[in-house]
Amino acid sequence: MRPDEYVEHDATALADLVRTKEVTAAELLALARARRDEVNPRLNAIVRDIDVDADARATDPDLAGPFAGVPFLVKDLGQEYAGLPTTSGCRALRHEVATEHALVTQRFLDAGLVVFGKTNTPELGAKGVTESELLGPARNPWSTAHTPGGSSGGSGAAVAAGIVPAAGANDGGGSVRIPAACNGLVGLKLSRGLGPYGPQTGEVMFGMVTQGVVSRTVRDSAGLLDTIIGPDLRSDYQGPAHDVPFAEQIRSAPGKLRIGWSASSAINAAPDSEAVAAVEGAAELLAELGHEVEQVSPPHDDEALARDFLTIWFAQVYGQVRDIKKRTGAGDAGFESDTLAMAEIGRANGAAPLLASLANVTSYVHALARFHETYDYFLTPTLAKPPLEVLSTVTSPGLQRASRVVARVRAGKILNASGILDQMISDNLGWVPYTQLANLTGRPAISVPLHWTAAGLPLGVQLVGRLGSDGDLLRLAAQLEEAQPWAHRYRAAEHPA
């Protein structure tokens, strides 16, 4: 197989070629590594190689599974690989070695995937861009001046650049969908309880974080998600029943659907014209396919939701930092200043705001349920503006120093009084105000690559469905892919700018 042929195939096609012995797993691994060596120095998508195990798997005559022999990458956060550190982009964790595979990693391996590396992520996955002091910034294959999004940005960049056809990802506030939108990929955030967590930890943020993948095609997302979901008696949550595999569900077209769309956001009152064009174009395409589509008001107050989301987020960051310090003996120097600021706000807030925000989640669940009594799906842009420039959201040196001082003297109440929460909402969520709804409510949501900007950057659209409608979302995404194919566009990433 030639390198250009490798880039053109998705994971499903590569698995078929291995199965029919038209290519070997070892040959595919060599092609993936060659592609990595060619483009990763510019992208910084892969931050750790897994060589010995990958070689052994690629030459194992008994390697089996639906994706046997397909090269794959896991994220360096929440997808632990036994014998290697999982840094989560954090200096304090750079030497902490996993003693066993994460359940999701084991299921990827059980599917026959050949895992040969780990992908870049921001510290503790706490940002919508993949930029950490430990690992350095990841860059977008479509334009290396721009971010591939986060927190699964390394995975998104690796797939868009043709290193692998799909890669592991997870989503706590948009971290599957944002990189999918930034890189021109498919990314489904599963319903709460479907994506496996553990055994290292339970489901993060009260089940708001789910495991998943980013991929080039809907059939790859469907097939790969089929391999990882399933019962786990140790899980904090159990998702809705999954009787028919996603890979089978996408073979039939959806019936006529009613879809409400909106680009409105109280956080970002003026979404970029490209974001508006993306959702309007998707609405037109859906109408052409025979669905009933109309513009609606958002079913929720996204500014209030953003405050509740960040209140919960800061509390869990505080818990993570405290646990890491206790477990590793690290001090403040083991963490970035932004992380310390978030943790200190979470500590200073105390239990009352956290409990109030968790109680408010019910109102968002009810609001979305009422919306879904009328509409099958809620359509939005995935991003409120095209991918940001790399390092454009870095905190100023002065504020970084101040954050460390505030964290050291435990003066989080001063941070709160300073209005920093409003600033964080604007800086961190202003360009991605649409994705957190699905996490707080536990509903599935998918980003599909239907739009490219005038500058040639991807900007996806998002569909949010009812609890348990994961397969239906994939079925609709497959219909959109057939009507407006996008897989051929990934060849544009063969030579990253």
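For this structure, a couple of remarks:
- Trypsin sites (Lys or Arg not before Pro) restricted to DSSP loop in region 185-241 with at most 16 other C-beta within 10 Å: Arg234
- Distance from the Cα centroid of region 198-224 to that of region 23-95 is 18 Å (rounded to whole angstrom).
- Neighbourhood charge, 15 Å Cβ-Cβ cut-off, centred on Pro231 and excluding it, Lys, Arg +1 and Asp, Glu -1: -3
- The ranking of Leu480, Leu305, Leu354 by Cβ neighbour count inside 10 Å, starting from the fewest, reads Leu354, Leu480, Leu305.
- Charge sum, other residues only, whose C-beta stays under 12 Å from Leu73's C-beta, Lys/Arg counted +1 and Asp/Glu -1: +4
- Label assignment, Rg and Dmax of the Cα atoms in Å derived from the structure, set (i) 27.9, 114; (ii) 21.0, 65; (iii) 22.4, 70: (ii)
- Proxy reagent accessibility, fewest Cβ within 10 Å first, across Ile50, Ile414, Ile229: Ile414, Ile50, Ile229
- Calculated on alpha-carbon atoms, Rg and Dmax of region 21-81 in Å: 12.5, 36
- Restricting attention to the chain, lysine pairs at least eight places apart or on different chains and with alpha-carbon atoms under 23 angstrom apart total 12.
- Prolate is the label for region 1-53, because a/c, from the alpha-carbon gyration tensor with a ≥ b ≥ c as root eigenvalues, is 1.5 or above and a/b exceeds b/c.
- Cα-centred dipole magnitude for the chain, charges only on beta-carbon of K, R (+1) and D, E (-1), debye, nearest 20: 1260 debye
- Positive-end ranking of Leu285, Leu188, Asn40 along the dipole of the chain, with charges on Cβ about the Cα centre, is headed by Asn40.
- Basic side chains Lys and Arg get +1 at the Cβ, acidic Asp and Glu get -1 at the Cβ, and with that the dipole of region 284-361 about its Cα centre reaches some 940 debye.
- Residue-averaged 222 nm ellipticity for the chain, from DSSP H runs of 4+ at -39500 (n - 2.57), nearest 500: -12500 deg cm²/dmol
- Per-pair calculated FRET efficiency, R0 = 41 Å: Glu288 and Thr59 via Cβ, rounded to 0.05: 0.25
- Three-way shape call for region 244-313 based on the alpha-carbon gyration tensor, with the a/c threshold at 1.5: oblate
- When the square roots of the Cα gyration tensor eigenvalues are ordered a ≥ b ≥ c, the ratio a/c for region 175-332 is 1.5 or more and a/b does not exceed b/c, which makes its shape oblate.
- Using a Förster distance of 25 Å, the FRET efficiency for Glu248-Thr201 (Cβ separation, nearest 0.05): 0.20
- Net charge in the neighbourhood of Gln295 (other residues with Cβ under 15 Å of its Cβ; Lys, Arg +1, Asp, Glu -1) is -3.
- Beta bridge orientation in the chain: antiparallel %, DSSP, nearest 5: 70 percent
- Mean separation of Cα contacts under 8 Å (6+ apart) over length of region 307-466, as relative contact order %: 31 percent
- Annotation: amide H-H contacts under 5 Å for Gly65 (H modelled 1.01 Å from N, sequence separation of 5 or more, or interchain): none.
- Projecting the Cα positions of Leu224, Ala13, Leu354 onto the charge dipole of the chain (unit charges on Cβ atoms of Lys, Arg, Asp and Glu, taken about the Cα centre) puts Leu354 furthest along the positive direction.
- The fraction of all Cα pairs in region 354-497 landing in successive 5 Å bins from 0 to the largest distance is 2, 7, 12, 15, 15, 14, 12, 10, 7, 4, 1, 0, given as whole percents.
A short reminder: the numbers here are calculations on the coordinates, not readings from a lab. The shown structure was predicted, so the numbers you read here are calculated from the model rather than taken from an experiment. Virtual Cβ from ideal backbone geometry, glycine too; neighbours counted across all protein chains shown.
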